[in-house]
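Take a look at the structure set out below.
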Amino acid sequence: MTRLLIAASGTGGHLFPALAVAESLPKYWKVSWLGVPDRLENQLVPQKYRLVTIRAEGLHGGGLRMLLQGMRLLVATWQVRQILLRDKINAVFTTGGYIAAPAILGALSCGLPVLLHESNACPGRVTRLLGRFCTQVALGLPRASNRLKGCKTVVTGTPVRALFFSPQRLPDWVPSGVAPLLVVMGGSQGAIGLNQMVRCVFPWLLNKGCRIVHLTGSLDPDLGQIKHPNLVEKQFTDEIPGLLQHADLVISRSGASALSELLVCRTPSILVPYPFATDRHQEENAACAAELGSAIIVHQHKPGDRALKDALWRLLGSQLDENNLTENPLLCMQKTLDSAIKKNATNELVSVLETLN
């Protein structure tokens, strides 16, 4: 029996890749989970794995605040060390974020191997500071290696759930018809700036016959303001695999997990990077997808500006206007996706974990 501690907390971008790996491990692996109180893992993890929580936070600011945060990190590291010794853990796997620092430091104090997965093209602060002390750093995007000198890296891709690799049906609540299907998604909490941008072009798209599914997130204040039989707005759905597999085009933020899901589903996209993301990492993620040819980038702008509308017309115009005789660019983007190397990142990471012991 190999005992693994997975340290993943907070957002779906950290949790879902870790869950995908955990669910694919051979049966002789026993998984424990390290998280933080009151975060998303408390809803998702206890159904399948034993969850232990500690207090963890980032190191920001300076002076007395930094000193207090440093002391809390030492306490969290000591707590992780006690968990590792008590549960006789053999290895640690983490997907970054606040919880990664005490997990890595605790493992180092016990002489245990650590696999750190970095999903973004621009590595996070913990990865940059502690990656060189890990046994291996697995990368979601090759560009990240340029900023991780001294680390032992391997490019695996970012894991997605198994459902994305098998054909899924289109959800029955999606507007029916043969017109192009546009899916808009900004994340589980929502993206108000993105939502405002897309709502300005909805009347034009709907008038052209487009079908639209808008996943608004939980914090959107304008839900339900536009009524149309070809528009469905939802705060959240767990049927993302079916939606992405059947969508003609997706408008999305450029988190690493979303990009991996779009790649696996061969779905062209317009990416609107979150402009306030740490280290502007969504900008670099989007650039990787654009270089591949699977996406175009539209920067967040004031509602009513033309950039998003122009991009939509460039990609959907040949399907929305019978007088538009230009070649369908979405087909070219799909061909690019067909030729892209699509690793099964989950299996790649499981293989790396197997080499740690």
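Read-outs: derived from the displayed coordinates by stated rules, not from any lab. Please read these numbers as outputs of a predicted model, since none were measured by experiment. Reconstructed Cβ throughout: ideal geometry from the backbone, glycine too, with neighbour counts over all protein chains shown.
General observations
- Scanning residues 5 or more positions from Ala7 or on other chains, those with amide H under 5 Å from its amide H are Leu34, Phe93, Thr94, Thr95, with H placed 1.01 Å from N in the peptide plane.
- Extension gain, Glu354 to Trp78: 0.36 nm times the residue separation minus the Cα-Cα distance gives 96.7 nm.
- Vicinal HN-Hα couplings computed from phi for segment 139-150 (Karplus, 6.51 cos²θ - 1.76 cosθ + 1.60; Hz; Gly/Pro x): 10, x, 10, x, 4, 4, 5, 5, 10, 10, 5, x
- Helix axis angle, 12-24 relative to the chain longest principal axis, alpha carbon, degrees: 70 degrees
- On Cα atoms only, tilt of 307-320 relative to the major axis of the chain in degrees: 60 degrees
- Greater than 30 Å apart at Cα, pairs in Lys227/Lys335; Lys27/Lys152; Lys152/Lys335; Lys208/Lys302: Lys227/Lys335; Lys152/Lys335
- In degrees, nearest ten, helix 63-86 long axis to first principal axis of the chain (Cα): 70 degrees
- Span from the segment 201-253 Cα centroid across to the segment 79-110 one, whole angstrom: 41 Å
- Cross-link partners of Lys149 among lysines, defined as those whose alpha carbon lies under 25 angstrom from its own and excluding same-chain residues fewer than eight positions apart: Lys343.
- 3J(HN,Hα) along segment 215-232: 8, 7, x, 7, 9, 6, x, 10, 4, x, 6, 9, 10, 6, x, 9, 10, 10 Hz, from the Karplus curve 6.51 cos²θ - 1.76 cosθ + 1.60 with θ = phi - 60°, whole Hz, x for Gly and Pro.
- J(HN,Hα) series, segment 327-335, from Karplus relation 6.51 cos²θ - 1.76 cosθ + 1.60, nearest Hz, glycine and proline x: 5, 5, x, 5, 5, 5, 5, 5, 5
- Across the options His301, Ser218, Ala138, the greatest Cα extent toward the positive end of the charge dipole of the chain (unit charges at beta carbon of Lys, Arg, Asp, Glu) belongs to Ala138.
- Segments 25-37, 114-126, 209-221 sorted - mean Cβ within 10 Å per residue, highest first: 114-126, 209-221, 25-37
- The H on the amide N of Thr135, modeled in the peptide plane, is under 5 Å from the matching H of Val114, each at least 5 residues off or on a different chain.
- For segment 2-155, projected area of the alpha-carbon convex hull averaged over all directions, nm²: 8.8 nm²
- Mean residue ellipticity, 222 nm, helices only, the chain: the sum of -39500 (n - 2.57) across DSSP H runs of n ≥ 4, divided by residue count and rounded to 500, is -12000 deg cm²/dmol.
- Overall shape: rounded for segment 165-339, with the ratio a/c of the largest to smallest alpha carbon gyration tensor axis below 1.5.
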